[in-house]
Each structure stands twice: as structure tokens, then as C-alpha cells.
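All of the numbers you see were taken from the coordinates with simple rules; none came from a lab. From a predicted model like this one, the values you see are computed outputs, not experimental measurements. Positions of Cβ are generated from backbone atoms using ideal geometry, with glycine treated the same way; all protein chains shown enter the neighbour counts.
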Ligand SMILES: C[S@@+](CC[C@H](N)C(=O)[O-])C[C@H]1O[C@@H](n2cnc3c(N)ncnc32)[C@H](O)[C@@H]1O
């Protein structure tokens with residue numbers, strides 16, 4: 001036992017505060033890992049959530065509840081319901097190498113509609129969304145899709161060239177498994193990574209990093225983590241986007257507040273950017289070429 005921070009334990013014995021926090025954190029972590037709802041989230045992420053909650057609450061029970069609430073806030077609200085992953089899996093099973101373009105499009109549209117972030121983008125993917133971005137960045141040879149959610153199912157409309165490489169990453173293994181199953185049928189030049197991006201931001205160089213609608217979710221997890229991730233990317237271009245309506249479709253002034261967040265970020269990064277609105281998404285295409293650390 002360390003002697004540092006040793007205090008009279010209100011519950012009895014003499015324990016170091018560090019030791020007690022450590023064991024509460026471990027218990028929360030184990031409980032989160034075993035909860036069916038959270039077991040597909042990356043262990044690094046659950047460990048971070050446990051470490052966040054443990055010192056903030058008096059009792060283990062309160063801390064566990066707080067960790068669960070936070071996970072729900074940053075992650076649990078986007079899928080239509082608990083069955084979405086299973087339903088999406090069944091749709092992917094229907095595809096084969098001989099599926100027509102029409103069949104692939106129909107499956108992808110259905111899956112995109114199951115996640116609120118991509119559902120809101122559905123009306124724009126065919127004509128505007130990616131073409132507006134590539135018209136600024138040029139057609140990329142390498143794309144990283146950070147905190148991708150179901151966005152990889154927009155690949156049929158992304159307009160990437162045949163040799164382009166696309167990599168999608170997310171903290172949720174069930175999504176990553178689903179996306180991998182789709183990619184193995186759809187594209188040879190694509191891959192997935194199951195990762196907590198706060199703990200392990202991607203180190204590989206890329207032409208374009210998509211950081212779509214997830215910046216607020218990172219800031220909720222850990223203040224400043226969105227900026228830290230952006231600043232550490234080895235990307236020539238970053239596409240940062242924000243939702244401008246609530247999940248319920250209400251206009252509560254998010255456009256103004258996120259525009260302020262983006263302007264501050266771009267100023268901190270000391271880079272140039274172009275911005276526009278596509279559907280209900282506020283998009284910033286940020287030129288990081290003068291900052292890139294290869
Ligand atoms: C609001 S959704 C955005 C999904 C997608 N980028 C889009 O716009 O369609 C946020 C996504 O971030 C993922 N995510 C949250 N925290 C993460 C983390 N620490 N590391 C990796 N992915 C994370 C969630 O699993 C979820 O898929």
C-alpha cells in the first residue's frame with residue numbers, strides 16, 4: 001500500500017485515496033464490460049469512462065450510474081433501436097458479389113436510415129454531399145472516416161476512384177463488424193479499425209479525414225479532445241461537420257453555436273477553410289496542408 005494521500009476512510013479501515021479510487025474504477029470498468037449494452041464498446045473507452053466517473057461521486061453505485069449516463073449521451077442515442085445492428089446484418093447477408101447496383105443501393109439506404117446522423121444525410125448523398133467536398137480537396141486517394149457510425153454505407157455514392165483506399169474507424173465493435181462484412185463484399189480497397197480515437201488517434205497519413213458530426217460527442221467525453229485529435233491528424237484535409245438540428249429535428253440555434261466552435265477551432269489551428277450547409281449539416285473543409293506533420 002502506498003502512504004500517499006492516506007486519510008481516515010469514512011467506511012472504516014485506513015486506505016489510500018488512490019487505492020480506493022483505483023478499485024472503484026476497476027469495478028465500474030468490469031461492470032461496464034459485462035453489461036450487454038456496452039460490451040461492444042472498446043475497452044479503452046470503457047476504461048476512460050470508469051476513470052472519469054470514479055473520482056466524481058461519493059458511492060460506487062452513483063459513479064456507475066454516472067458512467068452509464070455519460071456513455072448513453074455520447075454514444076447511445078444515435079441508433080433507431082436496439083435491433084438496428086441485427087437488422088442491418090440481415091440486410092448485408094442478402095448481398096453477394098453478383099448483387100446489382102440497385103440492390104446494393106437499396107440495402108445501403110435502408111441501413112443509413114437506421115442511424116440518425118446518416119439518416120439526416122440521406123437526401124444529400126446522391127448529388128451534393130461528397131461532390132461538394134471533393135470539388136475543394138480534389139478526388140482523394142486515401143480517406144479516413146473517423147467515428148464513422150454508418151457513414152461507410154455511403155461508399156456507393158462517394159465517387160472515390162477505383163484505386164482509392166478508404167478506412168473507417170469507430171469505438172463500437174458491432175458497427176465495425178457490420179461494416180467489415182459490407183466492405184468485404186463491396187470494396188477490396190477498404191478496411192476498418194475498432195478503436196477509441198481519444199486514446200489512440202490515427203497516426204497514418206491521409207488525403208482527407210472525415211470527422212462528421214462527432215466533434216461535439218468527443219468534447220462531451222473529454223474537454224479539448226476534439227481539438228487534440230484534429231491537431232494530431234496527419235491529414236491534408238479535414239472535413240468537420242456539425243448537425244444544425246436536434247435529434248428530434250428542432251432548430252434551437254445549434255448552427256450559430258457550432259459555427260462559433262468551428263471558427264475558434266480554425267483560428268487555433270491557424271488554417272484556412274471553406275464552409276457550407278448541406279441539408280441539415282454544417283460542413284467545414286479545412287486545409288491542413290501547411291500544418292501536416294509527416
Ligand atoms: C454522431 S455519430 C456520427 C457518425 C458518423 N460520423 C456520421 O456522421 O454519420 C458519433 C459516432 O462516434 C463514435 N464514437 C464516439 N466516441 C468515439 C471514440 N472515442 N472513438 C471512436 N469512435 C467514437 C460513435 O460510436 C458514433 O458512431
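Restricting to the chain, compute how many DSSP beta bridges are antiparallel as a %, nearest 5.
On the way: 20 of 38 bridges.
Given both bridge residues lie in the chain, the antiparallel proportion sits at roughly 55 percent.
Tell me, 285, 104, 143 in order of fewest to most beta-carbon neighbours within 10 Å?
Working: 285 21, 104 17, 143 24.
Placing the least packed residue first, the sequence is 104, 285, 143.
Cut-off is 10 Å between beta-carbons; in what order do 287, 93 appear when sorted fewest neighbours first? Working shown, then result.
Details: 287 16, 93 11.
Going from least to most buried by this count: 93, 287.
Label residue 128 and residue 113 with points 7 Å out from Cα along Cα→Cβ: what is the distance between them in nm?
The modelled label-to-label distance comes out at 2.0 nm.
Would you kindly state how much longer the chain becomes between residue 103 and residue 69 on full extension, computed as 0.36 nm times their sequence separation minus their alpha carbon distance, in nm to one decimal?
On the way: separation 34, 0.36 × 34 = 12.24 nm, distance 3.85 nm.
Gain in length upon complete extension: 8.4 nm.
Let me know the Rg and Dmax you get for region 82-287 when you use only its Cα atoms, in Å.
According to the Cα coordinates of region 82-287, Rg and Dmax are 16.3, 49 Å.
Could you tell me which of rounded, prolate or oblate describes region 131-248, using a ≥ b ≥ c as the square roots of the eigenvalues of the alpha-carbon gyration tensor, with rounded for a/c under 1.5 and, failing that, prolate when a/b is larger than b/c and oblate otherwise?
rounded
In nm, what is the difference between 0.36 nm times the number of residues separating residue 26 and residue 177 and their Cα-Cα distance? Each step should come with its number before you reach the end.
Numbers: separation 151, 0.36 × 151 = 54.36 nm, distance 2.71 nm.
My answer for the length gained is 51.7 nm.
Taking 8 Å as the Cα distance limit and 6 or more residues as the minimum spacing, I'd like the relative contact order of the chain as a percentage.
On the way: 426 pairs, mean separation 41.1, N = 294.
RCO, the chain: 14 percent.
Find how much the distance from residue 96 to residue 255 grows on full extension, using 0.36 nm per residue of separation minus their present alpha carbon separation; answer in nm with one decimal. Intermediate results must be reported in sequence, preceding the final value.
Working: separation 159, 0.36 × 159 = 57.24 nm, distance 4.11 nm.
Length gained, residue 96 through residue 255: 53.1 nm.
Take the Cβ-Cβ distance between residue 293 and residue 163 as r, set R0 to 22 Å, and report the resulting FRET efficiency rounded to the nearest 0.05. Show your work: numbers first, answer last.
On the way: r = 26 Å, r/R0 = 1.17.
Efficiency at R0 = 22 Å is approximately 0.30.
Relative contact order for region 58-163: what percent, with Cα pairs under 8 Å and sequence separation of 6 or more?
On the way: 57 pairs, mean separation 27.8, N = 106.
Relative contact order comes out at 26 percent.
Just the C-alpha atoms of region 235-294: what Rg/Rh do they give, with Rh taken as the Kirkwood radius?
On the way: Rg = 12.8 Å, Rh = 12.2 Å.
Expressed as Rg/Rh, it is 1.04.
List the residues of region 116-156 whose backbone N lies under 14 Å from a point placed 7 Å from the Cα of residue 245 along the Cα-to-Cβ direction.
116-124
In which sequence would 25, 289, 121 go, from the one with the fewest C-beta neighbours within 10 Å to the one with the most? Mind showing how you got there, number by number?
Details: 25 21, 289 11, 121 24.
Listed from fewest to most nearby Cβ atoms, that is 289, 25, 121.
What is the distance, in nm, between label points placed 7 Å from the Cα along the Cα-to-Cβ direction at residue 56 and at residue 219?
Label-label distance for residue 56 and residue 219, simple model: 1.7 nm.
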